[in-house]
Amino acid sequence: MTTVAAYAAPSAKAPLERTTIQRREVREFDVLIDIKFAGICHSDIHQAREGWGEAIFPMVPGHEIAGVVSEVGPGVTRFAVGDRVGVGCLVDSCRECDNCKAGLEQYCTGGSVGTYNAVGKDGEPTYGGYAEKIVVDENFVVRIPDGLALDVAAPLLCAGITTYSPLKHWNAGPGKKVAVLGMGGLGHMGVKIAHALGAEVTVLSQSLRKKDDGLRLGADHYYATSDPETFKELAGTFDLILSTVSAPLDLDAYLALLRTDGAFVNVGAPEEPVALNLFSVIGGRKTLAGSGIGGIQETQEMLDFCAEHGFGAEIELISASEINEAYERVLASDVRYRFVIDTATI
Ligand SMILES: [Zn+2]
Ligand SMILES: [Zn+2]
């Protein structure tokens, strides 16, 4: 075991504080990564505060990890010391179910292992990226292309793949009208990726406060959802609405913005169940769907896509001592657009 410095929540109600954790010794197929940067995802806060149910403490959050390989196990074939790599939301899966075989490890039915707040196959709790180092099986490590700086690449490991996967699956591209609902950490990546895929992109945000940013990042149109006129003007418009918000929504109102055969896809989720009138999907043969992160191979594809198009996330780099303040600012939607921890400050 190796002792490494980390930031952890000791319990659900407590602020995160500096501590030390044990990382396992490097096994045959393991990669030891010196973490350079870790993004702060809204789901880190949900989990650290038990908003999504009972959690494991102490908790070291962080599933947007970018770093450099510093050691490899004897069986490792895909990575070498010095490689620039990333780790996202998963560090293991059953590797045998239909979904795993199809590269959909995120929907593993045999038991996938989250990067933190989970228990590994060895029975030990997993600890995430707010730490100096992490040990991960090479099959759950991806390569960060040279053209991408590690700090702006880190948020791609969750925010990037969470938006890329549904945009690809629902065929966002030339001739398609795509709306991105919410202009936060996920939403701003949705805008960049949908634009790079060639779609006509509209941002639907609570206010017009971030309009300049939205247009700069690739949106063609920008509307405020607080304005009732928006729903009249855009009725029947979109092929795809990607909802990145985790606040409760009037789903019927949003489904009315889809054209026939359009899809409303959720990648954010409120903590409480939602209600809707099913006639909202019956008329127009509409789809209400969800999507969760993406598989490992697709995550690599997304990183290569972003590097090819020359963009990472828009970030605010912070030191580890600012994590608790950053959490409050994320909850207040006061971040443009992802906090990234410089892990050298832990
Ligand atoms: Zn996340
Ligand atoms: Zn599986």
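FYI, it's all coordinate maths here, none of it is from the lab. This one's a predicted model, so the numbers in the text were calculated from it and none came from an experiment. A quick note on method: Cβ atoms are made from the backbone with ideal geometry, for glycine too, and the neighbour counts reach across all protein chains shown.
The table below gives the values:
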item: Segment 41-113 shape via C-alpha gyration tensor axes, a/c threshold 1.5; result: oblate
item: FRET E, pair residue 119, residue 336, Förster distance 30 Å, beta-carbon r, rounded to 0.05; result: 0.25
item: Segment 1-122: relative contact order as a whole-number percent, Cα under 8 Å and 6+ apart; result: 22
item: FRET efficiency for residue 261 and residue 3, using Cβ-Cβ distance with R0 set to 56 Å, rounded to 0.05; result: 0.50
item: Under 18 Å from the residue 207 label point (7 Å along Cα→beta-carbon), backbone N, segment 301-336; result: 329-336
item: Contact order relative to length of the chain, as percent, for alpha carbon pairs under 8 angstrom and 6 or more apart; result: 18
item: Three semi-axes of the equivalent ellipsoid, the chain, Cα gyration tensor, whole Å, largest first; result: 34, 21, 19
item: Alpha-carbon spread of segment 76-135, three principal axes, descending order, Å; result: 34, 26, 17
item: Karplus 3J(HN,Hα) series, Hz, for segment 267-281 with 6.51 cos²θ - 1.76 cosθ + 1.60 (x for Gly, Pro); result: 10, x, 9, x, 6, 9, x, 10, 10, 8, 8, 5, 4, 5, 9
item: Rounded to 5, percent antiparallel among DSSP beta bridges of the chain; result: 55
item: R0 of 51 Å, Cβ-Cβ distance residue 274-residue 28: FRET efficiency to nearest 0.05; result: 0.65
item: Vicinal HN-Hα couplings computed from phi for segment 301-306 (Karplus, 6.51 cos²θ - 1.76 cosθ + 1.60; Hz; Gly/Pro x); result: 4, 5, 5, 5, 4, 5
item: Under 28 Å from the Cα of residue 133 - lysines, other chains or at least 8 residues apart; result: 13, 36, 121
item: Distance between modelled label sites at residue 12 and residue 325, nm, 7 Å Cα→Cβ extension; result: 2.8
item: Debye, to nearest 20: dipole size of the chain, +1 on Lys, Arg Cβ, -1 on Asp, Glu Cβ; result: 500
item: Those aspartates and glutamates that a straight Cα-Cα span of less than 13 Å connects to residue 211, excepting residues fewer than 8 apart in one chain; result: 220
item: Stretch gain in nm, segment residue 149-residue 317, where the contour uses 0.36 nm per residue and the Cα spacing is subtracted; result: 59.2 nm
item: Cα gyration tensor, segment 111-172 - rounded (a/c under 1.5), prolate or oblate; result: oblate
